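Trainee: Here you go, one structure.
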Amino acid sequence: MKMTPEDIAQYKGVFVFAQQVDNKISGIAFELLGKAKELAAPLSAQVTAVLIGSDVKGLADELASYGADRVIVVDDPELKEYRTEPYAHALSSVINEFKPEIVLVGATAIGRDLGPTVSARVQTGLTADCTVLEIGDFPLVPVPGKENEQLHNQLLMTRPAFGGNTIATIACPYNRPQMATVRPGVMQKIDPIAGAKAEVVDYNPGFTPNNKYVTIKEVVKAVSDIKDIMDAKILVSGGRGVGSPENFKILEDLAAVLGGQVSCSRAVVDSGWKPKELQVGQTGKTVRPNVYFAIGISGAIQHVAGMEESDIIVAINKDEDAPIFDVADYGVVGDLNKIVPALTAAIKEALANK
């Protein structure tokens, strides 16, 4: 249902769902708070973190240090572990009570479940997997003769569409809140503000278990020896052009001498050569290493969306027209089977003579 301008005017502030698991705040919460501060500036708005869980009030100061002006704490034993129903009830109740203009949720396993559920309950839209968020005008270009109908200070949400083959900018001009999910690694957190304090508001809408409440019988935590590629400073990433899973050995040798990690494209995961945890791209992880080697990777927009913010991009590909060279800082055209071992040997020698 379309809201009236008077209804829309009641909604103020930028809210961030501050995801926590086992009473530890997830990194995505800090990243979203950094973006929330940017969005709040032109709106002259306050940044609010919504902290949901059991015995979590002590985490409020940490959220303040990353940009929260206010922390709304929904604390209840029913919220100890994430379950869709009580968490959706908590966040939608906060939205209905405090009326935020913008709500940001991390596109984590939890956020992908929670965000759409909450947006449906509060009867607004949600744009998923956003790569750019900014405040601007809607429509982007005013319709001739209807310039006075252009709306200002709207949240413009940009995301890949149609399988990543185009980029769409979406707005939610006639409903509030404006909701978006953002994948981890896309936005950047601010440097912590020492000694920062936020206003803490306790809010509990009440929780009555019903037939939508699932019962958690057991929590089994998977143990993996794979390091998170999002934390790597140097990534040596391979694509289908590497040729075979065995051939990734030459990429692993390069990563070893550089003190980096191996990652890969979706084609490699789809072929069963590497696990999903190592995938970079729109359907994988978004990374920002100091150096990113793209080896045997063509550079489809879906992959580039996950690594284009790397400080330095080095591409090695036999196809001189490969799109990856459009985003690379340095490019080498040739046979990766000759170039990569030669590069590894040269780096080894340089380090030995250091």
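None of the figures in this text is laboratory data; all of them are computed from the coordinates on show. All of these numbers come straight from a predicted model, not from anything done at the bench. FYI the Cβ positions are ideal-geometry reconstructions off the backbone, even for glycines, and counts take in every protein chain you see.
Trainee: Quick check for you: which residues of the range 321-354 have the amide N under 20 Å from the point 7 Å beyond the Cα of residue 311 toward its beta carbon?
Mentor: Answer for this model: 327-331, 347-348, 351.
Trainee: Taking square-rooted eigenvalues a ≥ b ≥ c of the alpha carbon gyration tensor, is the range 229-352 rounded, prolate or oblate, where a/c under 1.5 means rounded and, failing that, a/b exceeding b/c means prolate?
Mentor: Working: a/c = 1.29, a/b = 1.25, b/c = 1.03.
Rounded, because the longest to shortest axis ratio a/c is under 1.5.
Trainee: Take every DSSP beta bridge whose two residues both sit in the chain, then give the antiparallel share in percent to the nearest 5.
Mentor: Among the beta bridges of the chain, antiparallel pairing accounts for roughly 20 percent.
Trainee: Here is a further query. Name the shape class, rounded, prolate or oblate, that the alpha-carbon gyration tensor gives for the range 1-131, where a ≥ b ≥ c are the square roots of its eigenvalues, rounded holds for a/c under 1.5, and otherwise prolate holds if a/b is larger than b/c and oblate otherwise.
Mentor: oblate
Trainee: Still on this structure, I have one more. For residue 149 and residue 202, compute 0.36 nm times the residue count separating them, minus their Cα-Cα distance, and round to one decimal in nm.
Mentor: On the way: separation 53, 0.36 × 53 = 19.08 nm, distance 3.99 nm.
In short, 15.1 nm is gained.
Trainee: Under the Karplus relation 6.51 cos²θ - 1.76 cosθ + 1.60, θ = phi - 60°, what is the ordered set of whole-Hz ³J(HN,Hα) values for the range 234-248, x standing for Gly and Pro?
Mentor: 10, 10, 10, 10, x, x, 4, x, 5, x, 6, x, 5, 6, 5
Trainee: I'd like the distance separating the alpha-carbon centroids of the range 188-237 and the range 1-33, in whole Å.
Mentor: Cα centres, the range 188-237 to the range 1-33: 15 Å.
Trainee: Do any of 12/35; 57/233; 99/221; 249/285 go past 26 Å between their Cα atoms, and which? Mind dumping the intermediate values first?
Mentor: Working: 12/35 16 Å; 57/233 33 Å; 99/221 36 Å; 249/285 22 Å.
Correct reply: 57/233; 99/221.
Trainee: Also, quick follow-up: By how many degrees, between 0 and 90 and to the nearest 10, does the Cα long axis of helix 27-43 differ from the longest principal axis of the chain?
Mentor: Once rounded, one gets 60 degrees.
Trainee: Given the -39500 (n - 2.57) contribution per DSSP H run of 4+ residues, what per-residue ellipticity at 222 nm results for the chain, rounded to the nearest 500 deg cm²/dmol?
Mentor: -8000 deg cm²/dmol
Trainee: With the crude spin-label approximation of a point 7 Å out along Cα→Cβ, what separation in nm comes out for residue 345 versus residue 188?
Mentor: Each label point is offset 7 Å from its Cα along the Cβ direction, giving 3.8 nm.
Trainee: If you don't mind, there's one more thing I want to ask. If each of residue 246 and residue 112 carries a label point 7 Å out from its Cα toward its Cβ, how far apart are those two points in nm?
Mentor: If labels sit at residue 246 and residue 112, their model points lie 3.4 nm apart.
Trainee: For the range 154-198, report the translational diffusion coefficient in µm²/s to the nearest whole number, using Stokes-Einstein at 20 °C, 1.002 mPa s, and a Kirkwood Rh over Cα pairs. Display every interim value, and only then the final one.
Mentor: Details: Rh = 13.5 Å.
This corresponds to a translational diffusion coefficient of 158 µm²/s.
Trainee: Convert each backbone phi in the range 177-193 into a coupling constant with the Karplus relation 6.51 cos²θ - 1.76 cosθ + 1.60 (shift: θ = phi - 60°), then list the ³J(HN,Hα) values in order as whole Hz, x for Gly and Pro.
Mentor: Per-residue couplings from phi come out as x, 8, 10, 9, 10, 9, 6, x, x, 7, 9, 10, 6, 7, 5, x, 9 Hz.
Trainee: For the residue pair residue 23 and residue 43, what label-to-label distance in nm results when each label sits 7 Å from Cα along the Cα-to-beta-carbon direction?
Mentor: 3.2 nm
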